[in-house]
Every structure is written in C-alpha cells, then in structure tokens.
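The values are calculated or read from the model by the stated rules, or taken from the named source; none is laboratory data. Computed from a predicted model, the values in this text were never measured in an experiment. Positions of Cβ are generated from backbone atoms using ideal geometry, with glycine treated the same way; all protein chains shown enter the neighbour counts.
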Amino acid sequence: MQHSDILSRFGLTSSGAGLTARSPVDGATLATVAETTPSQVSDIVANAARAFEAWRSVPAPRRGELVRLLGEELRAAKEDLGRLVSLEAGKIYQEGLGEVQEMIDICDFAVGLSRQLYGLTIASERPGHSMRETWHPAGPCLVISAFNFPVAVWSWNAALALVCGDPVVWKPSEKTPLTAAACQVIFDRAVARFGDAPANLSQLVQGGREIGEALVAHPGFPIVSATGSTRMGREVAKVVAERFGRSILELGGNNAMIVAPSADLDMALRAILFSAVGTCGQRCTTLRRLIVHRSVKDQLLPRLKAAYASVPIGSPLESGVLMGPLVDADAFKAMQRALETAKAEGGTVTGGERTLTDRFPDAYYVTPAIVEMPAQTDVVRHETFAPILYVLTYDTLEEAIALQNAVPQGLSSCIFSTDVRETERFLSAAGSDCGIANVNIGPSGAEIGGAFGGEKETGGGRESGSDSWKAYMRRQTATVNYSSALPLAQGIKFEL
Ligand code: NAD
C-alpha cells in the first residue's frame, strides 16, 4: 500500500506548510500538517471551558455511550490506524495493531467505569447528620504525549477523562502529527453517531515544545497529563504546581529483569527478546538492565547473543520483521554516544551498529546491542531510548534488588524465578520500588486493567485501569444536617 493511500483512509491531506511528518521507515516526508499558533491557545481553552459546562451535567453512563461508540469506530479503523502508527512511529505492524487494540480495551474499560464512578457514605459523629463523598468532573484535561505510543496514550487519558466529564485538549508529539489527526477523525465519527455531544469535547493542538509550554501554563487546564522524558516532566511539573494544577506524569523508565538461579531460562530468553528489542528499544517499559545470577550467566548470555544476531530487522511494514528503525538521526546519535560512554566505563559491546543503509539511506536502522558491564555505572543509570541492554551479575537476591532499585527511575521491573520465597520478596515492601513489578513476565506490554505508571523520576502518575480515574475528577465531601439542631463537630460548644 502507498503511504498516501493510508492517509486517504482518514481523509488526511498535506497542508502545504507547517509541521513536517516524516516516516522513520525510510525518512520520507509523509505530509505537512498545519501548526497551532500560540495566539490560538486562548480560543482553544475557551472552547474547552464551554464544552465542560455542558458535558459535566450529562449523566456519566450517557458519557460512556460516546466512549462506547469511539471503541466501535476504533475497531472499524484498527488495521488502517495500526498501519499509520507503524508508518509514522516506525514500530512493526503487529505492535501498531496492538497499540490500537489497547485503545479499544481502554474504551471498553471506561464504558463500564461510566456506571461505577462510586463515592462513599461516611458515618457522621453528629446525630441527624449524613456524610458522603462524591466525585465530580474536574475540568478540561490537557494531554501531552510522546512519539513512541502516538495514539494509545491519548486514549488512556481521553476515554477516562470523557466518562469522568472532562473535555480533552491533546498536544501529541511533533514527530507523530498524522496519527493524532487520524484519531481526531475517528473521534469525530463517534461524535457524529452520538448526536448531541457539545462541540470541542476533544481538540487537537499540533506543534512542538513551545505550544506545549503555552498550554501547560494556562490555568484553564486543572489537569495536565504529560507523557515523555523526565526532562519534560520536570519542567511541566514546576509550571503546573506553580498554578496549583494537578499533573499526571508518565516519564522515563530504566527497567530491569532479575534472572535468578531457578529461572526457566527458555521463558526468560523470550521475554528478554520481546522487551529489549521490541519497538527498537523505544518503549518507556523497554528492558534496559539484565541483572543475572552469576551461576546462570554463562548459560543465558550465549543464547541471548545468538538470538540477538538472528532478529529480523527491516521495514516495520513488512511481515516477519521484528525490529524496525529508530525514530530519527538524533536517536541514533544518542545511542552511539551511550555505547561509547559504556565502553569508556568498562563495558564490552556486542552489536549496536547502523545497518540497512543501502536500502534506507535516510532512515536509522541498528542492530540491537548487548553491553556487559563491570558495574552499574552512570550510563547504565541513564535512560537511552534505544535497544541497548546492559548486563550485570549478582550473587545474592539482596544485591540484585539493591541494583534494580539504584537508578533514578521507577517504572517497571521483573524477576524470573520459580522460588516463591524470592518472588514474594521481590514483590514485598522491601522489594522492587517500581510502579510495575512482574514475576516471570518481562517489564513491558502492560494490560490496561491495572494502574500504569511509576515512581521517582518516572513522575508518580497513574493512568489507565484500577482507580486511576480518580485523578480526572474532583472529590467533594458533603455533610447534610437533617435534624432540627445544630451540633458542632468535636463537641464544641459555641452558643450565646
Ligand atoms: P519528549 O519529552 O521529547 O516529548 C514528549 C512530549 O512533550 C512532546 O509532545 C513534546 O512536544 C512535549 N514537550 C517537550 N517539552 C515540553 C515542555 N517544556 N512543555 C510542554 N510540552 C513539552 O519525549 P519523546 O522523545 O517524545 O518520548 C520518549 C520519552 O517518553 C522517553 O523518556 C520515554 O520513557 C517516555 N515515555 C514514558 C511513558 C510512560 O508512560 N511513563 C510512555 C511513553 C514514553
């Protein structure tokens, strides 16, 4: 299929000027997309405020109906959107489809949730009084997203925010404007079927950091959900805190796997491969550190190197390929810098070279790298968004857990072990310090049913399942006096 055919499925055409959308697959220009200007921000905020006034009073199950329709439209567009994700973000088509499936799953979840935004009744200490806690819509939600999950992150936020009564303004990555435009087309299809939705429930802002900064600073967004690098989160958090807004931060990860002596090495091998090499190492949950027990290292590592050498690398749109390109030249340079630093810090590097330059001179394909490190040095503690797997060894589980936790990030972690004492220890309060801790599963590929997010420099936010919805609402405690007296709490007497 031609690139232009995929765009035409969503009625997308080139604007002639503005943001240039390039494909990491071959470096080709896909289209140009009109950029939002800072002068448009106040209108966008005013539109969102008007949409909020109407939407907050629509019963939540009816709001859920819009999200149900969005899920249906996503089902209908799954192949087209999956292909566009593959084309614009460079992940393999299977992962593009998986990303769209994740959007469908979160819509299903949010529809159920729309009938379960439960509050509490609370026992009052005063006679003739009742207390309750209610969750109300909070206001327009600003969503800032990264290039590597160009559509799923919007849906995690939008599906929940919409059933919670909040309109959404979305600033996607400047590297993936077309997938975002396609999502807006799909959303508009759902709105058309819904019938009486207020205008501007979801607005799209195209542009880079500058327009992102203008939006983040605006008090019209009580909630800012920002996904991207720790650098970005640090800036956004300050600005939002300054105006007492609420941030949901989903930032960088530096995820580890501990491979214990009792591990099923066949399973561990498969899990390492998918989580370290998948999406060309460009997932926030990518496996970056392998902490392997000294007694099994010599069994595991040669098999891992052999598997790495046989990973099919190529155009992510072709079947059979498991690893596509890096997103751009900057990502390639950052990878090479990290490998040089690792060598200087005592590492032994296997792989990591540029490849397929004959076929794709303007794209950045690499072989995945394994780096055996003598210790957890600075470069290992840093997230490099590329397929580099650092290998460290350990002797005791305490040491392994300490290594796993001794990085600034706290997103995802896992242990491969068949010893229940070890696995429970790993999951205990004295175990992994991450938001996600898995046993006999790699660190990536989370399901939407659980709360997703991490601690420390990962930002502390939670999105998606469990009770993450509460971050999109405001909590109100109400006390009702149905007696004819006016007793004060704590027994205080205050009478003339
Ligand atoms: P990035 O930080 O460069 O950009 C992310 C988004 O933030 C973009 O839309 C960008 O325009 C915007 N932005 C940048 N600076 C801003 C500012 N000061 N104010 C407002 N907006 C600003 O990240 P990236 O390179 O697109 O993505 C890779 C990073 O994202 C990695 O660190 C990865 O771990 C992280 N990530 C985290 C999660 C998670 O859920 N924890 C998910 C996906 C990606």
**Request:** Would you please name the residue that is surrounded by the fewest Cβ atoms within 10 Å (Cβ to Cβ), looking only at residues in the stretch 186-238 that are of a type in the set (D, E, K, R) and away from the ligand (no atom under 16 Å from the Cβ)?
**Result:** D196
**Top-ranked residue in the stretch 48-59 [being hydrophobic (A, V, I, L, M, F, W, C) and in contact with a strand residue (DSSP E or B) (Cβ under 9 Å, 6 or more places away or on another chain); ranked as nearest to V111 (Cα to Cα)]** = W55
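Quick check: is even one residue across the stretch 161-170 near the ligand (Cβ under 10 Å from one of its atoms), modelled with pLDDT of 95 or more and either within 21 Å of G465 (Cβ to Cβ) or buried (at least 24 other Cβ atoms within 10 Å of the Cβ) (or both)?
Within the stretch 161-170, one or more residues are near the ligand (Cβ under 10 Å from one of its atoms), modelled with pLDDT of 95 or more and either within 21 Å of G465 (Cβ to Cβ) or buried (at least 24 other Cβ atoms within 10 Å of the Cβ) (or both).
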**Message:** Here is a check on your reading of the model: is V327 modelled with pLDDT of 95 or more, among the β-branched types (V, I, T) and farther than 21 Å from I258 by Cα?
**Reply:** yes
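Would you say R63 is touching a residue at least 40 places away in the same chain (Cβ under 8 Å), surrounded by fewer than 20 Cβ atoms within 10 Å (Cβ to Cβ) and not aromatic (F, W, Y)?
Considered against the rule, which asks whether it is touching a residue at least 40 places away in the same chain (Cβ under 8 Å), surrounded by fewer than 20 Cβ atoms within 10 Å (Cβ to Cβ) and not aromatic (F, W, Y), R63 comes out as no.
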**Asked** So which residues in the stretch 444-478 are among the aromatic types (F, W, Y) and under 14 Å from the mean Cα position of the chain (by Cα)?
**Response** F452
**Fill in**
Filtering strands (runs of 3 or more DSSP E) wholly in the stretch 115-190 for at least 1 residues that are closer than 27 Å to L97 by Cβ, in contact with a Lys or Arg (Cβ under 7 Å, 6 or more places away or on another chain) and not basic (K, R) gives 141-144
**Prompt:** Could you give every pair whose Cβ atoms fall below 6 Å, whose first residue belongs to the stretch 200-221 and is farther than 19 Å from W154 by Cβ, and whose second residue is part of a helix (DSSP H, G or I) and near the ligand (Cβ under 9 Å from one of its atoms), counting only separations of at least 6 or pairs across chains?
**Reply:** A217/V239
**Item:** The lone exception for I415 - which of (1) touching a helix residue (DSSP H, G or I) at 6+ places or on another chain (Cβ under 7 Å); (2) part of a loop (DSSP other than H, G, I, E, B) it fails
**Value:** (2)
**Prompt:** Does L301 qualify as being in a loop (DSSP other than H, G, I, E, B), surrounded by fewer than 21 Cβ atoms within 10 Å (Cβ to Cβ) and of a type outside the set (D, E, K, R)?
**Reply:** no
**Prompt:** Yes or no: G252 within 13 Å of the ligand (Cβ to nearest atom) and either closer than 20 Å to N405 by Cβ or crowded, with 16+ Cβ neighbours inside 10 Å (or both)?
**Reply:** yes
**Fill in**
Flagged in the stretch 92-137 as among the aliphatic types (A, V, I, L, M) and more than 22 Å from A152 (Cα to Cα), in numbering order, are L117, L120, I122, A123, M131
**Message:** Tell me yes or no: at least one residue of the stretch 264-277 is within 29 Å of A375 (Cβ to Cβ), outside any helix (DSSP H, G or I), in contact with a strand residue (DSSP E or B) (Cβ under 9 Å, 6 or more places away or on another chain) and within 16 Å of the ligand (Cβ to nearest atom).
**Reply:** no
**Fill in**
In the stretch 172-190, anything touching a helix residue (DSSP H, G or I) at 6+ places or on another chain (Cβ under 7 Å) and touching a residue at least 60 places away in the same chain (Cβ under 8 Å) is listed as T176, L178, T179, A182, C183, I186, F187, R189, A190
**Message:** I'd like the full set of residues that are out of contact with any strand residue (DSSP E or B) (no Cβ under 7 Å at 6 or more places or on another chain) and either farther than 18 Å from I441 by Cβ or in a helix (DSSP H, G or I) (or both), limited to the stretch 242-263.
**Reply:** E242, R243, F244, L251
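Hey, among L290, L269, L265, which residue is buried (at least 22 other Cβ atoms within 10 Å of the Cβ) and touching a Leu at 6+ places or on another chain (Cβ under 7 Å)?
L290
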**Asked** A89 is checked against (1) among the small types (G, A, S); (2) surrounded by 18 or more Cβ atoms within 10 Å (Cβ to Cβ); (3) farther than 21 Å from W156 by Cβ and fails just one. What number does that condition carry?
**Response** (3)
**Message:** For a quick check of your reading: which helices (runs of 4 or more DSSP H) sit entirely within the stretch 311-410 and have at least 3 residues that are within 19 Å of T279 (Cβ to Cβ)?
**Reply:** 329-344
